[in-house]
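S.K.: Sharing a structure with you now.
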Amino acid sequence: NFSMEKRASGLLFPTFGSYKSILHPDRSGEVYVNIPYYFNIAENMDDTLSILKMQDRGWVIENEFRYLQPKHSAELTLTGLEDKVTQQDGLSYVNSQKEIVYQAPVSQRWRAKLVAQQRWAPGLSSQINWHQASDKFFFADIPAEPALDTVSFTQTTALLEYQQQNLQASMELLDYLRLREDAPYNYEKRPHLAANYFHPI
């Protein structure tokens, strides 16, 4: 029995399926089930804790915290597991010659994601879209974020911007999280400073 008029804490509908790593086309899909629990903290704040059981790798714990204010908002996602497969066999992938390449054994695997927007003062704002992971193959092995399981890299940025009348200035950090062994190395900005001033003649 639950209300349809407002949000309430409780179990969300579980999801289950089969996840096949793009780095291991020779392996069959790994069965998993995901059970999320939703915490209604406040009208502008919530948290979702998910317990995901993978057939071979073990238990995956993921927590997503979100808040929304008139001048700022943020979404922080943390995922971690003790991977039984990579603990025993090591990190592995299939190279261009269709050979399985094994790397050093790893037990703890994790990822962190922060998406935030802030307005600190009139004309002063910031944006963050940052990803970090314990290894390049995390998203290909773990069904944490479907948008990243088939790409070779993703962009991470942090931008601080000021604009007042004819003056515009910014400071940007730009990096790339490599998600494949053969992912390209892109140029980074650490930091990139810019200033523009416009004056009509």
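S.K.: Excluding ligands, DNA and RNA, what is the solvent-accessible area per residue of the chain at a probe of 1.4 Å, expressed in Å²?
M.R.: Working: 12970 Å² over 201 residues.
Ligands and nucleic acids excluded, the figure is 65 Å² per residue.
S.K.: Heads up, I need the accessible area for V101: 1.4 angstrom probe, whole protein in place, Å², nearest 10.
M.R.: The accessible area comes out at roughly 40 Å².
S.K.: Here is a further query. Sum -39500 (n - 2.57) across every DSSP H segment of at least 4 residues in the chain, then divide by the residue count to get the 222 nm mean residue ellipticity, nearest 500. Don't jump to the answer; show the numbers that get you there.
M.R.: Details: 2 runs with 10 residues, N = 201.
Helices in the chain give a 222 nm mean residue ellipticity of -1000 deg cm²/dmol.
S.K.: Excluding ligands and nucleic acids, what accessible area in Å² is computed for R57 using a 1.4 Å probe, to the nearest 10?
M.R.: Result for R57: roughly 10 Å² accessible.
S.K.: State the label only: which of (1) -0.55, -0.85, -1.15; (2) -0.75, -0.97, -1.12; (3) -0.68, -0.95, -1.18 corresponds to log10 I(q)/I(0) by the Debye sum over Cα atoms at q = 0.11, 0.14, 0.17 Å⁻¹ computed from the shown model?
M.R.: For log10 I(q)/I(0) by the Debye sum over Cα atoms at q = 0.11, 0.14, 0.17 Å⁻¹, the calculated option is (3).
S.K.: A further question on this structure: Rg/Rh for the range 108-176: what does it come to with C-alpha atoms and Rh from Kirkwood? Could the numbers behind the result be given before it?
M.R.: On the way: Rg = 15.7 Å, Rh = 13.9 Å.
When Rh is taken as the Kirkwood radius, the ratio is 1.13.
S.K.: What is the set of long-range amide H partners of Y93 at a cut-off below 5 Å, with H atoms built 1.01 Å from backbone N?
M.R.: V101
S.K.: Still on this structure, I have one more. For the chain, what does the relative contact order come out to in percent, with C-alpha contacts under 8 Å and a separation of six or more? Intermediate values should be presented prior to the final figure.
M.R.: Details: 447 pairs, mean separation 24.6, N = 201.
Reported relative contact order: 12 percent.
S.K.: Further question on the same structure: Return a single number: how many Lys pairs in the chain, at a sequence separation of 8 or more or on separate chains, have alpha-carbon atoms below 19 angstrom apart. Each step should come with its number before you reach the end.
M.R.: Details: K20/K53; K20/K84; K20/K98; K20/K136; K53/K84; K84/K136; K98/K136; K113/K136.
Count of close lysine pairs: 8.
S.K.: Run the simple label-point estimate for K84 and A116 please: 7 Å along Cα→C-beta, distance reported in nm.
M.R.: Placing both labels 7 Å beyond Cα along the Cβ direction yields 3.7 nm.
S.K.: Rounded to the nearest 10 Å², what accessible area does I61 have for a 1.4 Å probe in the complete protein model?
M.R.: Approximately 80 Å² of I61 is accessible to the 1.4 Å probe.
S.K.: Something else: Report ³J(HN,Hα) in whole Hz for each residue of the range 120-126, in order, from the Karplus equation J = 6.51 cos²θ - 1.76 cosθ + 1.60 where θ = phi - 60°; Gly and Pro get x.
M.R.: 6, 7, x, x, 10, 9, 9
S.K.: Would you rank Y102, Y162, Y187, Y32 by solvent-accessible area, highest first, keeping every protein chain in place and using a 1.4 Å probe? Could you put the intermediate results ahead of the total?
M.R.: Details: Y102 130, Y162 80, Y187 205, Y32 45 Å².
Largest accessible area first, the list is Y187, Y102, Y162, Y32.
The values are calculated or read from the model by the stated rules, or taken from the named source; none is laboratory data. Since we're looking at a predicted model, the values are computed, not measured. Because the Cβ atoms are built from the backbone with ideal geometry, glycine has one as well, and the counts that use them run over all protein chains shown. Accessible surface is based on the protein model in full, side chains and every heavy atom, while ligands, DNA and RNA are left aside. Shrake-Rupley method; radii C 1.70, N 1.55, O 1.52, S 1.80 Å.
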